[in-house]
Amino acid sequence: MCGIIGYVGKRNAQPILIQGLKRLEYRGYDSAGVALFNQGSSNAITIVKTAKDNLPNGVSPLISLAGKLKPDSAQIGIAHTRWATHGEPNETNAHPHVCNKHGIAVVHNGIIENYRALRKYLESKGHTMSTGTDSEVLAHLIGENFDAKEKDPLISAVQKTLAEIEGTYGMAVMMKGYDGIVAARNGSPLIIGLGDEELFISSDPGPINDHTKNIIRLDDFQVARIGPDGYHITNLDNDVFESKVEKITWDIKQIELSGYDHFMQKEIFQQPQTVQDAFRGRLGEKGVRLDGLDELGKVMPKISRIKLVACGTSWHASKIGKYLFENLAGIPAEVDYASEFRYAHPILDPAELVIVLSQSGETADTLEALRQAKKTNHTFGIVNAVGSLITRENDAGIYIHAGPEIGVASTKAFTGQVTCLYLMALQMGIERGVIDNYSVHKAELESLPGKIKEILDMDSNIKTIAENYAKNKNYLFLGRGINFPVALEGALKLKEISKIHAEGYPAAEMKHGPIALIDKNMPVVFVATGRDTLYEKVLSNMEEVKARKGKIIAVVNQGDERVRDLADHIIPVPTTSKWLAPLLNVIPLQLLAYHTAVIRGKNPDKPENLAKAVTVE
Ligand code: F6R
């Protein structure tokens with residue numbers, strides 16, 4: 001959460017920082033601010049901040065910030081876009097935070113858990129706090145720890161401060177009269193960008209991709225200085241590190257709208273490619289090739305159980321994974337929320353492979369769950385963000401290869417994750433001798449991108465359905481078996497971006513409670529593809545809804561005439577195998593949520609109170 005960008009070089013920092021914040025806005029958009037230091041003209045740091053609550057409806061803090069900045073040629077600066085955790089999302093609480101003692105400015109992503117005690121201590125030392133945030137104590141503690149006798153007093157003060165705090169941070173610090181930026185991380189990602197006679201600090205590679213392809217990812221408890229003399233990385237004890245320089249391989253076009261109205265829309269429409277990219281090069285003639293699984297080597301045949309751990313949409317993908325591992329590979333699987341797993345002291349079987357799923361590879365709960373699991377078990381990651389912390393801490397893993405996902409509501413990462421889970425289940429099933437029709441699975445998977453395109457072609461029909469119910473206050477999503485997690489995902493998408501209350505349920509559970517809510521004002525989305533034994537039962541559930549005058553929107557297979565008679569709206573999707581059906585069925589639900597949000601005047605890329613990548617607990 002929160003985005004950080006910093007610049008030191010010979011160019012004017014202002015436009016670089018503002019452009020960088022635009023790229024980071026998906027990480028938080030409650031408020032924004034910059035600190036600029038112009039060595040040439042003054043010895044002071046200029047701070048400019050702005051917040052949503054002070055602005056006319058619909059004006060983004062970034063637009064306002066850019067408007068408030070006076071022309072200036074500062075060549076050092078840090079900037080921040082905020083997703084509030086402690087303290088209201090107002091202008092006072094916007095970053096940078098300042099300690100006047102030495103003219104220190106700090107931007108911070110993360111949570112300082114012992115901030116109350118630190119605040120008291122700092123107040124006893126004469127510091128006056130002016131915000132309601134936890135982050136402000138960082139600026140004051142650095143000021144308090146500043147000792148001009150040290151070789152680089154700012155680096156030393158930051159190291160000392162970080163040893164005294166409990167919590168997580170990705171942070172950047174400037175000081176008046178100081179010719180660089182000091183940055184540090186623990187839990188919240190931070191990279192250094194290595195340009196031509198210029199250096200950057202950023203929460204992710206997006207903002208610096210225009211300027212350089214060379215980056216260094218900071219590790220936890222590392223402190224870096226960037227300045228005219230280059231970069232210098234140490235730990236809290238001042239031991240020096242030589243870090244690996246990585247090349248950003250993706251293209252800037254991947255993080256631009258490219259003609260779409262919103263990133264969420266672009267990412268929904270990218271999904272034929274997402275699925276293809278997830279299986280490309282991995283479907284051999286005789287079986288699946290997943291290098292990540294091979295890395296586990298001798299461990300694999302001993303695996304007799306699977307535990308999937310994730311949050312949000314990744315948790316829904318994991319629920320689908322359970323069906324795949326159990327039904328295709330014959331391996332018992334369970335799914336846990338990472339936030340629960342990490343505190344549950346789970347009793348893991350040593351033969352249990354713990355698979356963590358994460359789009360961002362940064363989610364704090366998932367990362368901590370992984371660290372817990374690693375103490376006793378083998379761990380495996382299915383991650384989208386290349387080089388992210390979760391990928392680095394896993395024993396082995398595979399990438400989804402979906403490219404950057406900017407839309408706050410996750411879409412293409414979900415289909416990428418499910419495709420990867422399917423591939424894993426196939427490979428494990430083949431290795432265990434329980435799959436003897438691999439070529440059928442392969443052909444069906446290869447046909448999916450074309451089938452997803454067919455569904456995307458129904459976009460305007462789905463928009464019409466969305467128009468019918470955009471004023472409703474509630475929605476219910478029902479599905480059975482492997483379609484139950486799809487119903488959960490449909491409900492999550494809708495509530496996240498349209499602010500309509502929505503619930504996902506196994507269809508048969510409806511009669512145990514939710515049926516009480518059904519009347520003419522309740523649209524009920526049924527995910528009712530496939531013709532197995534559950535199909536008839538779902539039809540009965542539709543009858544129950546119809547009898548109570550609920551409105552039925554049904555995702556069914558093309559040619560399904562029986563549901564046509566019952567439903568108010570039909571979304572016919574191509575037929576595929578039961579195990580791949582979620583990859584098709586989720587697409588209309590994503591479109592339904594997207595259109596509903598737009599019709600209701602919401603920006604789907606900036607859902608209220610949400611931000612991408614939850615790097616705090
Ligand atoms: C929903 C959504 C969130 C994330 C969750 C996990 O649209 O985006 O629920 O799925 O925060 O994030 P990752 O997958 O990055 O660990």
Problem set entry | Matching option when the condition is surrounded by fewer than 24 Cβ atoms within 10 Å (Cβ to Cβ), on the phi < 0 side of the Ramachandran plot and in contact with a Pro (Cβ under 6 Å, 6 or more places away or on another chain), among K453, K473 | K453
For this session: Write out, first by first residue and then by second, each pair whose Cβ atoms fall under 7 Å of each other, whose residues are 6+ apart or on separate chains, and whose first residue, in the stretch 234-261, is on the phi < 0 side of the Ramachandran plot while the second is loosely packed, with under 10 Cβ neighbours inside 10 Å.
Result: T234/V240
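Here is a yes/no grid of residues against (1) surrounded by 14 or more Cβ atoms within 10 Å (Cβ to Cβ); (2) outside the structural domain of I233 (by TED's automatic domain parsing); (3) in a helix (DSSP H, G or I):
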{"site": "V106", "(1), (2), (3)": "yes, no, no"}
{"site": "R119", "(1), (2), (3)": "yes, no, yes"}
{"site": "E123", "(1), (2), (3)": "no, no, yes"}
{"site": "G143", "(1), (2), (3)": "yes, no, yes"}
{"site": "Q159", "(1), (2), (3)": "yes, no, yes"}
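Could you list, in sequence order, all residues of the stretch 495-527 that are among the acidic types (D, E) and either within 12 Å of A593 (Cα to Cα) or assigned by TED's automatic domain parsing to the domain that holds H316 (or both)?
Of everything in the stretch 495-527, just one residue is among the acidic types (D, E) and either within 12 Å of A593 (Cα to Cα) or assigned by TED's automatic domain parsing to the domain that holds H316 (or both), namely E496.
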Seminar exercise, completed: Filter the stretch 274-297 for residues that are surrounded by fewer than 17 Cβ atoms within 10 Å (Cβ to Cβ) and part of a helix (DSSP H, G or I); the one that is farthest from the ligand (Cβ to nearest atom) is G297
Seminar exercise, completed: For the stretch 298-322 the number of residues that are modelled with pLDDT under 95 and either open to solvent by 40 Å² or more (accessible area, probe 1.4 Å) or closer than 13 Å to F414 by Cα (or both) is 3
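Show me the helices (runs of 4 or more DSSP H) entirely contained within the stretch 324-398 in which 2 or more residues are charged (D, E, K, R), away from the ligand (no atom under 13 Å from the Cβ) and touching a Phe, Trp or Tyr at 6+ places or on another chain (Cβ under 6 Å).
Details: elements: 338-341, 364-374, 389-393.
Here the list is empty.
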For this session: Quickly run through the stretch 400-450 and pick out the residues that are open to solvent by 10 Å² or more (accessible area, probe 1.4 Å), within 16 Å of the ligand (Cβ to nearest atom) and of a type in the set (G, A, S).
Result: A402, G403, S410
For this session: Give me a count of the residues in the stretch 34-61 that are out of contact with any helix residue (DSSP H, G or I) (no Cβ under 7 Å at 6 or more places or on another chain) and at pLDDT 85 or above.
Result: 7
Exercise. When only residues in the stretch 502-520 that are within 16 Å of the ligand (Cβ to nearest atom) and of a type outside the set (A, V, I, L, M, F, W, C) count, which is least open to solvent (accessible area, probe 1.4 Å)?
Worked result: G504
Exercise. Of all residues in the stretch 215-227 being out of contact with any Gly (no Cβ under 7 Å at 6 or more places or on another chain) and not charged (D, E, K, R), which is surrounded by the fewest Cβ atoms within 10 Å (Cβ to Cβ)?
Worked result: F221
Exercise. Which members of the stretch 125-141 meet the condition of being part of a loop (DSSP other than H, G, I, E, B) and farther than 16 Å from A183 by Cβ?
Worked result: K125, G126, H127, T128, M129, S130, T131, G132, T133, D134
For this session: Please enumerate the residues belonging to the stretch 176-190 that are surrounded by fewer than 24 Cβ atoms within 10 Å (Cβ to Cβ) and outside any loop (DSSP other than H, G, I, E, B).
Result: N186, G187
Problem set entry | Residue in the stretch 303-323 that is assigned to a helix (DSSP H, G or I), under 28 Å from N585 (Cα atoms) and away from the ligand (no atom under 14 Å from the Cβ) present | yes
For this session: Run K495 past the list (1) in contact (Cβ under 8 Å) with a residue 40 or more places away in the chain; (2) within 16 Å of the ligand (Cβ to nearest atom) and report the number of the one that doesn't hold.
Result: (1)
Problem set entry | Listing of strands (runs of 3 or more DSSP E) fully contained in the stretch 521-584 that carry 1 or more residues being open to solvent by less than 10 Å² (accessible area, probe 1.4 Å) and in contact with a Gly (Cβ under 7 Å, 6 or more places away or on another chain) | 523-527
For this session: Quick one: C420 ticks every box in (1) over 14 Å from the mean Cα position of the chain (by Cα); (2) modelled with pLDDT under 95; (3) not small (G, A, S) except a single one, so which number is it?
Result: (2)
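The values are calculated or read from the model by the stated rules, or taken from the named source; none is laboratory data. These numbers come from a predicted model, not from an experiment. Note that each Cβ is placed from the backbone with ideal geometry, even for glycine, and that neighbours are counted across all protein chains shown. Only protein heavy atoms, including side chains, enter the accessible area calculation; ligands, DNA and RNA are left aside. Shrake-Rupley method; radii C 1.70, N 1.55, O 1.52, S 1.80 Å.
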